[in-house]
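Trainee: The following block contains the structure, expressed as structure tokens.
Where a number appears in this text, it was derived from the coordinates with a stated rule and is not lab data. Since the model is a prediction, treat every value here as computed from it, not as a measurement. A quick note on method: Cβ atoms are made from the backbone with ideal geometry, for glycine too, and the neighbour counts reach across all protein chains shown.
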Amino acid sequence: MTPRPARPRVVIDTNRVLSALVFAQGRLTPLRHAWQGGHIQPLVSRATAAELIRVLAYPKFKLAPDEQKELLADYLPCCETVTIPDPPPATPACRDAFDLPFLQLALAGKADALVTGDGDLLALAGEFSRPILTAEQLLQSVSGSARA
């Protein structure tokens, strides 16, 4: 029996996770299917999980506490938690301080990619030691079954 190739270890920014969770039939549904199907290994840190929890509670999403918990239960159990060392790994200068935890997580977690739609993060693609991809680029790089 041939061993299954390792799943790509990925850091997914909050907006991509949120879109995949909240808009169940949206354009990022395949990303949700990829983590649910075990085709990718999402990584989280204390800071990135806390941001997701905070953002899910925004009034504009109109999610009751039970709905927020249900969405978190669809994502967090699929994730590997990474502890960020103190001091955290050095990252390139970033215009948005809220993006730093994702860069640090990608380095500390030895991620195969950081997945984002954030222009500030995408602008760092040439200077960051890990690939910075859009969700679509990631999905193209994983097996066709991740898009099913």
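Trainee: Would you mention how many residues in the range 15-34 are assigned to a helix (DSSP H, G or I) and either among the basic types (Lys, Arg) or crowded, with 22+ Cβ neighbours inside 10 Å (or both)?
Mentor: The total comes to 7.
Trainee: Considering Ala123, Ala135, Ala90, which residue is of a type in the set (A, V, I, L, M), closer than 19 Å to Arg16 by Cβ and over 14 Å from the mean Cα position of the chain (by Cα)?
Mentor: Sole residue among the options that is of a type in the set (A, V, I, L, M), closer than 19 Å to Arg16 by Cβ and over 14 Å from the mean Cα position of the chain (by Cα): Ala123.
Trainee: I would also like to ask the following. Taking only the range 86-143 into account, find how many residues are among the basic types (Lys, Arg) and farther than 18 Å from Ile40 by Cβ.
Mentor: The qualifying residues number 1.
Trainee: Check Asp74, Asp118 and return the single one that is of a type in the set (Asp, Glu) and under 14 Å from Val11 (Cβ atoms).
Mentor: On inspection, the qualifying residue turns out to be Asp118.
Trainee: Okay, next question. Looking at Asp66, Asp13, can you tell me which residue is of a type in the set (Asp, Glu) and touching an Asp or Glu at 6+ places or on another chain (Cβ under 9 Å)? Walk me through it before giving the result.
Mentor: On the way: Asp66 fails: touching an Asp or Glu at 6+ places or on another chain (Cβ under 9 Å).
Going through Asp66, Asp13 in turn, the sole match is Asp13.
Trainee: Which of (1) in contact (Cβ under 8 Å) with a residue 24 or more places away in the chain; (2) surrounded by 14 or more Cβ atoms within 10 Å (Cβ to Cβ); (3) farther than 28 Å from Asp86 by Cβ is the odd one out, the single condition Gly38 does not satisfy?
Mentor: (2)
Trainee: Leu124 is checked against (1) farther than 24 Å from Ala6 by Cα; (2) of a type outside the set (Asp, Glu); (3) in contact with a strand residue (DSSP E or B) (Cβ under 8 Å, 6 or more places away or on another chain); (4) without any contact (Cβ under 8 Å) to a residue 12 or more places away in the chain and fails just one. What number does that condition carry?
Mentor: Of everything listed in (1) farther than 24 Å from Ala6 by Cα; (2) of a type outside the set (Asp, Glu); (3) in contact with a strand residue (DSSP E or B) (Cβ under 8 Å, 6 or more places away or on another chain); (4) without any contact (Cβ under 8 Å) to a residue 12 or more places away in the chain, Leu124 misses just condition (4).
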